Amino acid sequence: MRIKQATPQDFKRIFEEMPGGPQVLEELTRRFGRAAYVPGGTEGDRETCYRAGQRSVLDFILREINKADGVEDDVDA
């Protein structure tokens, strides 16, 4: 059985149109949308990398929703 590839429209439907979707997206944004950079040498570096990884997932979701809305982002993340 072949699994259908998720499309930008799927992301839009799930996070903007389904019940609870906007609230989930808001929670993800609140938790993972903060600034990635943390000062403080090696430990700050580790935390910065960790936050950047979390942020990249949120950025991907938002980029897919934007594509579904016809907004193309030239920045490759």
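The values are calculated or read from the model by the stated rules, or taken from the named source; none is laboratory data. On a predicted model such as this, the values are computed, not experimentally measured, just so you know. When we count neighbours, we look across all protein chains shown, and the Cβ atoms used for this are built from the backbone with ideal geometry, even at glycine. Just so you know, the surface numbers come from the protein's heavy atoms only, side chains and all, with ligands and any DNA or RNA stripped out. Shrake-Rupley method; radii C 1.70, N 1.55, O 1.52, S 1.80 Å.
Multiply the residue separation of residue 23 and residue 72 by 0.36 nm, subtract the distance between their alpha-carbon atoms, and state the gained length in nm to one decimal. If you can, show how the numbers build up before the last one.
Working: separation 49, 0.36 × 49 = 17.64 nm, distance 2.41 nm.
Extra length from residue 23 to residue 72 when fully extended: 15.2 nm.
Express the carbon and sulfur contribution to the solvent-accessible surface of the chain as a percent, rounded to the nearest whole number, probe 1.4 angstrom. Present the calculation step by step, with values, prior to reporting the outcome.
Working: 3330 of 6000 Å².
Reported share for carbon and sulfur atoms: 55 percent.
Measuring with a 1.4 angstrom probe and ignoring ligands and nucleic acids, residue 60 comes out at about 90 Å² accessible. Remark: spin-label model distance residue 42-residue 55 equals 2.4 nm, labels positioned 7 Å along the Cα→Cβ axis.
Rolling a 1.4 Å probe over the protein heavy atoms leaves residue 46 with an accessible area of roughly 140 Å². Here residue 67 sits with roughly 80 square angstrom of accessible surface, probe radius 1.4 Å. Take the Cα of residue 34, step 7 Å toward its Cβ, do the same at residue 3, and the gap between the two points is 3.1 nm.
Using the Karplus relation 6.51 cos²θ - 1.76 cosθ + 1.60 with θ = phi - 60°, the per-residue 3J(HN,Hα) values for the stretch 28-35 come to 4, 5, 5, 6, 10, x, 6, 4 Hz, with x marking Gly and Pro.
In whole Å, what three semi-axes, largest first, describe the equivalent ellipsoid of the chain built from its Cα gyration tensor (square root of 5 times each eigenvalue)?
Here the semi-axes work out to 28, 14, 12 Å.
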